[in-house]
Amino acid sequence: MAQTEKKGGLLRKSSASKKPLKEKVVLMYDEIFMTEDPSKCNPRFWEELFLMKVNLEYLEGKLEALDGEELMKIKDNINCLFQRCIQALGEEHPIRVVNALQTLCALIRGVHQKNKSTSGFDIINMLVGFDKAELCMKNLMESLDSLLCAEGSESLKSLCLKLLLCLVTVTDNISQNTILEYVMINSIFEAILQILSSPLSRREHGYDAVVLLALLVNYRKYESVNPYIVKLSIVDDEATLNGMGLVIAQALSEYDRQYKDKEEEHQSGFFSALTNMVGSMFIADADEKISVQTNEAILLALYEAVHLNRNFITVLAQSHPEMGLMTTPTSPIPTTPVTPLGTTPPSSDVISSAELPLDADVQTSNLLITFLKYSSIVMQDTKDEHRLHSGKLCLIILTCIAEDQYANAFLHDDNMNFRVNLHRMPMRHRKKAADKNLPCRPLVCAVLDLMVEFIVTHMMKEFPMDLYVRCIQIVHKLLCYQKKCRVRLHYTWRELWSALINLLKFLMSNETVLLAKHNIFTLALMVVNLFNMFITYGDTFLPTPSSYDELYYEIIRMHQNFDNLYSMVLRLSTNAGQWKEPASKVTHALVNIRAIINHFNPKIESYAAVNHISQLSEDQVLEVVRSNYDTLTLKLQDGLDQYERYSEQHKEAAFFKELVRSISINVRKNLAFNTLSQELLLKEFSTIS
């Protein structure tokens, strides 16, 4: 018997017969694309159609090949097919339901692809017809809701979520997707929550559910009342919120695991051997190439949860035993690639081993730690647009956390100590920190470490001003909480002070280049005011009196940088130019730092002269500082512990609009034909009762 080859909906005998034979389903599609009603000649046409294996590629291609007029001629048949698909979703036979779901995917994508320039209303008319749109879409959403909430097939649930993601992402700008009005009216919010609250459903579908929710929340969020925003903001069920947190943590952990794999591969490769021979002069360039595709979709979901729902803040600190206490699998971990911004959930086997104890001590992880590690990777290289967006979103999330009273309470809790191994950018002038020597500290220390790391590693020509401003704001908000609640945090404050002074030095050294693009005085003022915060209120939140002395020592030791900054801002504030006002603000802010330098420097010089010492040690300088506080006069500066709260709509709307567009495009790309493959589904439903 001659073998049969299948290609593009055609069946061709290998015995070289001239005319290819078409699959029956393709012949049936061709009938739909005629102007006649296909059920006239065959009353069982629609019944038979949904027993046939769907040929997605052919159906979509056929729709895209038609011009506008041709499509309008078969509008009635397209409407009928759409309605018959919805009817088939209520069938008992799973094969019919599967085929109906896949046909709907092809219809929605094919019609949208053909009508990119057309308004959403015309697409609704083309798919379902205006007169029946409301009822049909109501029936569709109710059927999808029932399938998602039923205790039936997990494959069917997966296909329902794929269809919904297909529906949401057919347009780049989801707010222009008018079909989503019906998804707003006929909410599937509760079905999404049910998936997240059930361990089995969450493992199978959690990733898709979370991405879907994040996208739905962003539909016309500034123009109208979005029910998904309202409902997400009031969810208080612990199991649901923890489920959502776990899905996000798993996806971010998977990213961390992939990065570590790449890092190990990189270090053991040829380039590593080469750098060992030549020396370490190229190490920074080599390690910059370690890159794993960022996952903005899952990060957006985390942002929406943190920003909209106060109850979700508790989830950040919730231990994740499913990740932290799993035993290491004996079988090798598969290294299948994960779609970057797509809809494929990371393998649960891979994830359960990703967040093992950080040391020999048993220590579970939590969502905040996982997020901080993720941030420490994506914030290393902000030259790439996706990573820049990811880095910005990480800082926005941290801003929301730093403003929240409850989040600050657990960040600063002495009884919640963790060993957080952040990724650090390889740099020539510093050694790689040994992971095992990390101390257990309150989580706020890891946040501050991340901010210091960013400050130190991004002083470059393509200066990420916006990210620096956000970074300094986060530090300021944390200090405001410490001052308000008199939290004496045992942290290596010197590292922060040194990073801030070096940042000021960089701004001055690159004044001409930076001023052509940025108002560097805004950032300089924020940095100076951080020092003013320490000077004015440091005695209420620095851990010991000697820490306060060290602050003065650092200012005196690096006085040349502050003197140079004062000279620069004085020069610009006395000239009638565009920088006069912002520069003069920095001039006024430097008053106390200059008072400290002018008060102590003569005392130190006098001490050195009296004791015949050419260069004083740190202890000797500190002794001079301690014995001369009494005669120091400082001015009280108002508003140092005040800040403007984060507001998305007024300042970040354009960023989120562009981010959601990027995510929508990527999710749509990853809903490729293979993710809608029937092979597994047909195995599951191999018999029709």
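The values are calculated or read from the model by the stated rules, or taken from the named source; none is laboratory data. Everything quoted here is computed from the prediction, not taken from an experiment. Methodologically, a virtual Cβ is constructed for each residue, glycine included, from the backbone with ideal geometry; neighbour enumeration extends over all protein chains shown. Heads up: the accessible areas ignore ligands, DNA and RNA and are worked out on the full protein's heavy atoms, side chains in. Shrake-Rupley method; radii C 1.70, N 1.55, O 1.52, S 1.80 Å.
Look through Ile535, Ile474, Ile556, Ile501 and report the one residue that is open to solvent by less than 50 Å² (accessible area, probe 1.4 Å) and either free of Cβ contacts under 8 Å to residues at least 40 places away in the same chain or closer than 21 Å to Ala402 by Cβ (or both).
From the options Ile535, Ile474, Ile556, Ile501, the qualifying one is Ile474.
Which one is farthest from Phe521 (Cα to Cα) among residues in the stretch 477-488 that are touching a Phe, Trp or Tyr at 6+ places or on another chain (Cβ under 8 Å), assigned to a helix (DSSP H, G or I) and open to solvent by less than 40 Å² (accessible area, probe 1.4 Å)? Give the derivation first.
Looking only at the stretch 477-488, we keep the residues that are touching a Phe, Trp or Tyr at 6+ places or on another chain (Cβ under 8 Å), and these are 477, 479-480, 482-483, 486-488.
Checking the rest, the ones that are also assigned to a helix (DSSP H, G or I) come to 477, 479-480, 482-483.
The next check asks that each one be open to solvent by less than 40 Å² (accessible area, probe 1.4 Å); those that pass are 477, 479-480, 482.
Details: Lys477: 20, Leu479: 21, Cys480: 22, Gln482: 26 Å.
Of everything passing the filter in the stretch 477-488, Gln482 is farthest from Phe521 (Cα to Cα).
Of everything in the stretch 548-589, what is small (Gly, Ala, Ser) and touching a Lys or Arg at 6+ places or on another chain (Cβ under 9 Å)? Give them in sequence order.
Ser573, Ala583
So which of Lys477, Lys432 ends up being over 15 Å from Ala499 (Cβ atoms), outside the structural domain of Leu372 (by the TED database) and either at pLDDT 95 or above or touching a helix residue (DSSP H, G or I) at 6+ places or on another chain (Cβ under 8 Å) (or both)? Spell out how you get there, then give the answer.
Values: Lys432 fails: either at pLDDT 95 or above or touching a helix residue (DSSP H, G or I) at 6+ places or on another chain (Cβ under 8 Å) (or both).
Within the list Lys477, Lys432, the selection yields Lys477.
Yes/no per residue for (1) in contact with a His (Cβ under 9 Å, 6 or more places away or on another chain); (2) at pLDDT 90 or above:
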position	(1), (2)
Leu341	yes, no
Ser348	no, no
Leu372	no, yes
Leu393	no, yes
Ile396	yes, yes
Ala409	no, yes
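Which of the residues belonging to the stretch 71-91 are open to solvent by less than 80 Å² (accessible area, probe 1.4 Å), assigned to a helix (DSSP H, G or I) and of a type outside the set (Phe, Trp, Tyr)?
Result: Leu71, Lys75, Asn77, Ile78, Asn79, Cys80, Leu81, Gln83, Cys85, Ile86, Ala88.
Does the stretch 49-58 include one or more residues that are open to solvent by 10 Å² or more (accessible area, probe 1.4 Å), assigned by the TED database to the domain that holds Asp122 and hydroxyl-bearing (Ser, Thr, Tyr)?
Yes, that holds for at least one residue.
Residues Ala106, Ala100, Ala65: which one is under 39 Å from the mean Cα position of the chain (by Cα), hydrophobic (A, V, I, L, M, F, W, C) and at pLDDT below 85?
Details: Ala106 fails: at pLDDT below 85; Ala100 fails: at pLDDT below 85.
When all the criteria are applied, what remains is Ala65.
For the stretch 371-402, name all the residues that are open to solvent by 20 Å² or more (accessible area, probe 1.4 Å) and touching a residue at least 40 places away in the same chain (Cβ under 8 Å).
Gln380, Asp381, Lys383, Asp384, His386, Leu388, His389, Lys392
Considering the stretch 538-547 alone, what residues qualify as being touching a Phe, Trp or Tyr at 6+ places or on another chain (Cβ under 8 Å) and open to solvent by less than 40 Å² (accessible area, probe 1.4 Å)?
Answer for the stretch 538-547, where residues must be touching a Phe, Trp or Tyr at 6+ places or on another chain (Cβ under 8 Å) and open to solvent by less than 40 Å² (accessible area, probe 1.4 Å): Gly538, Leu542, Pro543, Ser547.
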